[in-house]
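Okay, so here's the structure we're looking at.
The values are calculated or read from the model by the stated rules, or taken from the named source; none is laboratory data. Values in this document were obtained by computation on a predicted structure and should not be read as measured data. Ideal geometry is used to build each Cβ from the backbone, glycine not excepted, and the neighbour counts take in all protein chains shown.
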Amino acid sequence: MTEFSKVVLFTDHDGRARFRDDAVPLGEGSPQSMLSEVFTCGGYQLRHSPVGFRSQFHCTTTPQWVFILGGQMEIGLQDGSSRVFTPGQHFYSADVLPPGAQFDPTVHGHWSRQLGDDPLITLFVRG
């Protein structure tokens, strides 16, 4: 997949300004005009989860689309079932806590984890 190099000027943990290059996938369009997905202003987050990442059970706080850009993501449910999503696949995560409920990790939510040898790269787009 072709990538776009995005130059970012940021303040590092020591307070100093630095540059870094972030890769933005260009998976749409044609060989003459490769495009990224359309981003909404302020409505998306990118996440890198290292090899070995696994969350605890949790609920989605705000419904959102989840797009897998790299690696593999497994989502597990309370009933013991799970599904694996690979690059190019997506799902809409809307398992919010029911109104008035207190979170119970034996009842509510899902867990997620990275699978395989590659880090998990995901794009979250708020719905």
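Brief remarks on what is shown
- Here Gln64 meets each of (1) more than 15 Å from the chain's Cα centre (by Cα); (2) at pLDDT below 85 with one exception, condition (1).
- For segment 105-119, residues that are outside any loop (DSSP other than H, G, I, E, B) and over 18 Å from Tyr92 (Cβ atoms) total 3.
- Scanning segment 84-100 for residues that are part of a strand (DSSP E or B) and either under 18 Å from His48 (Cβ atoms) or among the small types (Gly, Ala, Ser) (or both) yields a total of 3.
- Residues of segment 47-82 classified as touching a residue at least 24 places away in the same chain (Cβ under 8 Å) and outside any strand (DSSP E or B), total: 14
- In summary, Gly29 fulfils each of the numbered conditions (1) modelled with pLDDT of 90 or more; (2) outside any loop (DSSP other than H, G, I, E, B) with the single exception of condition (1).
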